[in-house]
Amino acid sequence: MKTIFNISIRNKAVTRLTPAGFICILFSVLCIFASCNLQIDPISDQSELNLSTTDTADTRIKYKDRAAMEAVYKNLYTLMRDRQEHWYLDYLLFGEARTDNAYAGTTGAEVVPVETNALDASNPDIARDWDRYLEDIAKANVVITNIDSVPDPAFSQAERAQWKAEAKIFRALMLFDLAHWFGNIPLNLKEAPDITSDNIEEVYPLYFPKPVTQEEAYAQVIKDLEEALEYAPALSPIDKTVLSKTVAEALLAKIHAERGEWDKVENYCNLVLADGISLEPDYRSLFGYNAETGDATLRNSRESILEMQYFTGSGSWVTWMYGRDLANWDESFTWAKWITPSRDLINAFNQEGDTVRMNQTIVYYECSWANYYPSDHYPFMYKCRSAYNSIIKLRGADIILLKAEALAHNGDLPGAADCVNQIRQRVGLKDLEASKTSSEDAMLNAILNERRLELALEGQRLFDLIRFGKLLEVMNTINLRDEGRIPQARPFVEDHRLMPIPQTALDKNANLIQNPGY
């Protein structure tokens with residue numbers, strides 16, 4: 001029978017057991033050692049995350065006042081800012097190198113299969129992302145579960161409601177990504193307490209729940225976001241790091257697009273724009289670095305909906321995964337970088353005559369490797385160019401183009417064209433030709449191309465290809481168009497819209513089932 005559970009006693013591994021075997025042995029251990037007050041601490045992705053509690057004898061101590069809850073609430077923002085591997089580094093790797101926009105960049109065994117469509121359940125980056133997303137969801141659960149019961153009369157109901165709304169937006173953001181990547185996922189919306197002999201049958205499923213479908217996960221995302229709308233803080237024009245009402249509206253637009261609910265997409269896009277989000281006049285300022293000040297050119301732009309900001313003394317490390325850190329020219333530039341822009345993407349920019357966006361997306365340096373291009377003129381991803389640039393997770397151009405997509409599906413082709421032309425005019429391109437706006441199919445193709453150029457190397461391309469029904473068409477012909485790309489290990493099929501469930505997760509939770517195609 002498959003083993004799924006690790007138990008540790010005082011942090012020493014004992015054995016690997018089936019659920020039934022674990023329950024029998026745990027009851028025996030508890031009975032034998034009850035008088036010794038032995039702490040049983042099951043190892044799982046979520047059980048280590050109960051930062052809100054400590055155990056003393058038989059008393060479970062919860063948050064006693066506002067200050068204690070505030071520390072856990074603020075920790076969500078710290079996580080979002082500082083743990084960039086899953087929601088940014090790998091998000092871009094899987095969202096761009098699995099498409100025609102980028103090559104993997106390095107020869108590492110964890111990244112090459114992303115480019116060649118050879119991913120399997122053993123990939124360590126997939127396992128890392130799975131664990132991190134579940135950890136983030138669990139930490140949001142701690143706030144959501146406990147905040148209303150904090151016995152502090154000075155902790156106002158208005159503030160409780162706002163923090164809870166922000167935690168729900170955080171949970172929705174992470175849950176959306178997790179379900180987007182993996183489809184059927186375990187979903188736990190409660191804080192999982194320590195397992196005891198009295199509660200094991202009730203608590204065990206919280207650690208190893210049965211999976212829900214992608215649609216069920218999406219429904220929970222929508223529920224969290226809709227509940228957050230009433231109490232989330234309004235968008236602040238001077239602080240775009242906040243999980244605001246506008247962030248919830250933007251995420252609702254994006255998730256309803258995945259479900260093909262175009263009236264709702266249009267509605268939420270309009271709400272985002274009504275909150276004051278608009279295009280920044282100069283595209284170059286969005287990702288710019290000011291060498292004189294040693295800082296980002298612009299933060300909290302009128303286009304930014306949600307961004308993570310980094311300053312001197314606490315800069316972002318992730319920039320050196322993509323190219324040069326312009327704040328420290330030689331930092332970590334001795335090895336090949338991830339997410340190398342593809343020839344096919346460069347050709348797409350050139351065919352459109354789109355020099356503004358190409359020059360803000362791709363930069364050339366001389367380097368010591370030649371994995372995909374000559375080392376003396378090697379292209380690099382350029383949208384994360386210093387340790388002090390903001391990382392923009394949600395921005396207005398994405399929402400405007402989602403609105404165009406909704407309008408096209410709803411038959412308003414002139415309205416869709418107007419949205420796309422706003423985006424093009426900012427970078428000096430002519431309005432769409434009549435041949436590209438004369439039918440729904442032509443308009444949607446123009447929108448997909450515009451999204452490619454506008455949002456290149458921001459992690460959107462894979463989801464766009466899937467949503468537009470173009471993944472197989474584009475990726476199964478890519479080696480015919482791009483001679484620099486490593487040959488595909490296998491053709492893309494519909495099952496490859498999702499990634500494999502990591503083997504580590506399957507080993508721990510017998511309720512999980514591997515996605516088809518892996």
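For this structure, a couple of remarks:
- In the full protein context, segment 204-276 carries 41 Å² of accessible surface per residue, based on a 1.4 Å probe and ignoring ligands, DNA and RNA.
- Rounded Å value of the spacing that divides the Cα centres of segment 404-447 and segment 131-190: 38 Å
- Taking 7 Å steps out from each Cα toward its Cβ at A219 and S278 produces label points 4.1 nm apart.
- Between S439 and F311, the contour length at 0.36 nm per residue exceeds the alpha carbon distance by 41.3 nm.
- Rounded to the nearest 10 degrees, the angle from helix 124-146 to the longest Cα principal axis of the chain is 60 degrees.
- Surface composition of the chain: carbon plus sulfur atoms contribute 52% of the solvent-accessible area (1.4 Å probe, protein chains only, all chains present).
- With all pairs of different C-alpha atoms in the average, the Kirkwood value for the hydrodynamic radius of segment 151-256 is 15.3 Å.
- Assigned charges on the beta-carbon of Lys, Arg, Asp, Glu; segment 295-408 dipole about Cα centre (debye): 280 debye
- Distance (nanometres) between label positions extended 7 Å along Cα→Cβ at R481 and D495: 2.6 nm
- Proximity of backbone amide H atoms, modeled 1.01 Å from N, is registered between L394 and I305, L306 at under 5 Å, excluding neighbours fewer than 5 places apart on the same chain.
- Long-range amide H partners of D295 with built H, under 5 Å: N290
- Gain in span if fully extended, I238 to A370, counting 0.36 nm per residue against the direct Cα distance: 43.2 nm
- In order through segment 448-455: 3J(HN,Hα) via Karplus (6.51 cos²θ - 1.76 cosθ + 1.60), integer Hz, x for Gly, Pro: 4, 5, 5, 4, 4, 6, 6, 10
- Put simply, the amide H of Y103, placed in the peptide plane, has neighbours under 5 Å in T340, S342, leaving out anything fewer than 5 places away on its chain.
- Diffusion coefficient, µm² s⁻¹, Stokes-Einstein with Kirkwood Rh over alpha-carbon pairs of the chain at 37 °C and 0.692 mPa s: 134 µm²/s
- Taken per residue, the accessible surface of segment 292-412 reaches 36 Å², heavy atoms only and a 1.4 Å probe.
- Estimated inter-spin distance, D507 and A158, nm [label 7 Å along Cα→Cβ]: 5.2 nm
- Set of segment 361-396 residues, backbone N closer than 16 Å to the point 7 Å along the Cα-Cβ line of S285: 390, 396
- Here the ratio of the Cα radius of gyration of segment 354-435 to 2.2 N^0.38 Å is 1.48.
- Solvent-accessible area of E483, all protein chains in place: 150 Å² (probe radius 1.4 Å, heavy atoms, ligands and nucleic acids excluded).
- Taking the convex hull of Cα positions in segment 256-339, its mean projected area over all directions (nm²): 7.9 nm²
- Alpha-carbon centroids, segment 450-518 and segment 285-349: separation in whole Å: 25 Å
- As a size descriptor, the averaged projected area of the C-alpha convex hull of segment 434-483 was calculated at 4.1 nm².
- Options H377, A228, V111, ranked by Cα towards positive dipole end of the chain, top entry (Cβ charges): V111
- Estimated translational D of segment 199-322 in µm²/s (Stokes, Kirkwood radius over Cα pairs; 4 °C; 1.567 mPa s): 74 µm²/s
- Full extension of the chain segment joining N449 with D412 gains 11.5 nm, where the gain is 0.36 nm per residue of separation less the Cα-Cα distance.
- Normalised size of segment 469-514, defined as Cα radius of gyration per 2.2 N^0.38 Å with N residues, equals 1.58.
- Hz values of 3J(HN,Hα) by residue in segment 411-423 - Karplus curve (6.51, -1.76, 1.60), Gly and Pro given as x: x, 8, 5, x, x, 4, 4, 4, 4, 5, 5, 4, 5
- Taking the C-alpha atoms only, the angle from helix 262-274 to the longest principal axis of the chain is near 80 degrees.
The values are calculated or read from the model by the stated rules, or taken from the named source; none is laboratory data. If you're wondering where the values come from, they're calculated on a predicted model, not measured in any experiment. No Cβ is skipped: glycine too gets one built from the backbone with ideal geometry, and neighbour counts run over all protein chains shown. In case anyone asks, the SASA skips ligands and DNA or RNA and just uses the protein heavy atoms, side chains included. Shrake-Rupley method; radii C 1.70, N 1.55, O 1.52, S 1.80 Å.
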